[in-house]
Amino acid sequence: MKIIKVTDAVEGGLKAYEILAEKMDDGIKTLGLATGSTPIEFYKHLTASDLDFTDMTSINLDEYVGLPKDNDQSYDYFMKEHLFDKKPFKKNYLPDGLAADLDAEADHYNQIIDQNPIDLQILGIGSNGHIGFNEPGASFEGTTSLVDLTDQTIADNARFFVHENEVPRQALSMGIASIMQSKAIILMAYGKNKANAVTAMVHGPLTENLPASILQSHPEVYVIVDEGAASKL
Ligand code: GLP
């Protein structure tokens, strides 16, 4: 793991942008993307740049179950607002959280990932160490599946909703095995509330109780952290 310390999310987003730009020079074709507050500054750098994504395919990590695409908390809406409406891609994939058969949708999404091997995966981290929506206890061997969100994640994400009871209880999430197949990974974390998760990810044992700890065994991971998130390293 390469730890990159930055002053704030703006500088962190710039570092991530620079790594991406270098890899685009090398011809990467598929980008794994994340939502949440963490990558917003990174997406601002992308949309302000002259990078051309018209030959790039994107594959998002996850989507809530049950939110219509025009709900401003759906990840589909988030991605259009922060990136896709400003930068056209060859193709954008997100899991369909409204699919009638969610298990079949998970299988379908796994086929999409198999057909489009991810060159660079962008990640945030939950305060409980989750990546995507792979909550503590998720199998390191897992592929895309229907997952139940933990009370911690529901509470963490309630800030984006009017009431906590509006936060969906389930999501479709790319699995940890699929994330690990990405050739390179950038994980960004900002703020003190991520410090425990970041420390366990970098220094703790590899355990399914802290999903991000598996990243220690990946050959090319960039961990971009501000002072708060790095405060217990
Ligand atoms: C969300 C997403 C993750 C994200 C994490 C942190 O629930 N599923 O992909 O990394 O939680 O969110 P934030 O960046 O807002 O702290």
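The values are calculated or read from the model by the stated rules, or taken from the named source; none is laboratory data. Since the model is a prediction, treat every value here as computed from it, not as a measurement. Backbone-built Cβ (ideal geometry, glycine too); neighbour counts: all protein chains shown. All accessible areas refer to the heavy atoms of the entire protein, side chains included, with ligands and DNA or RNA removed. Shrake-Rupley method; radii C 1.70, N 1.55, O 1.52, S 1.80 Å.
Observations, loosely collected:
- Exposure rank, largest accessible area first [H45, H203, H163, H218; 1.4 Å]: H203, H163, H45, H218
- Residue-wise HN-Hα couplings along segment 9-25, as the Karplus relation 6.51 cos²θ - 1.76 cosθ + 1.60 with θ = phi - 60° gives them from phi, are 5, 5, 5, x, x, 5, 4, 5, 4, 5, 5, 4, 4, 5, 6, 5, 4 Hz; Gly and Pro carry x.
- Carbon plus sulfur fraction of accessible area for segment 1-83, probe 1.4 Å, in percent: 46 percent
- Trypsin sites (Lys or Arg not before Pro) restricted to segment 18-88 and DSSP loop, no more than 15 other C-beta within 10 Å: K29, K69, K86
- Anisotropy class of segment 86-132 from Cα gyration tensor, a/c 1.5 cut: oblate
- Straight Cα distances below 12 angstrom link K87 to the aspartates and glutamates D50, D52, D55, with same-chain residues fewer than 8 positions distant left out.
- Which of M180, M1 is most accessible, then next, and so on - probe 1.4 Å: M1, M180
- Per residue, in Å², the accessible surface of the chain once ligands and nucleic acids are set aside, probe 1.4 Å: 44 Å²
- Ranked by solvent-accessible area (1.4 Å probe, protein heavy atoms only, all chains present), the residues E22, E208, E41 order from largest to smallest as E22, E208, E41.
- Of all aspartates and glutamates in the structure, those lying under 18 Å Cα to Cα from K194, and not within fewer than 8 positions of it along the same chain, are D8, E11, E41, E135, D151, D156, E208, D226, E227.
- Measuring against 20 Å, Cα to Cα, the residue pairs K44/K183; K15/K44; K2/K80; K183/K232 contain K44/K183; K2/K80; K183/K232 as the ones spanning a longer distance.
- Centroid-to-centroid separation of segment 78-101 and segment 10-63 [C-alpha atoms, Å]: 14 Å
- For L172, the solvent-accessible surface with a 1.4 Å probe is about 0 Å², rounded to the nearest 10.
- The accessible area of Y77, taken with all protein chains in place and a 1.4 Å probe, comes to roughly 90 Å².
- Rounded is the label for the chain. Its Cα gyration tensor axes, ordered a ≥ b ≥ c, give a/c under 1.5.
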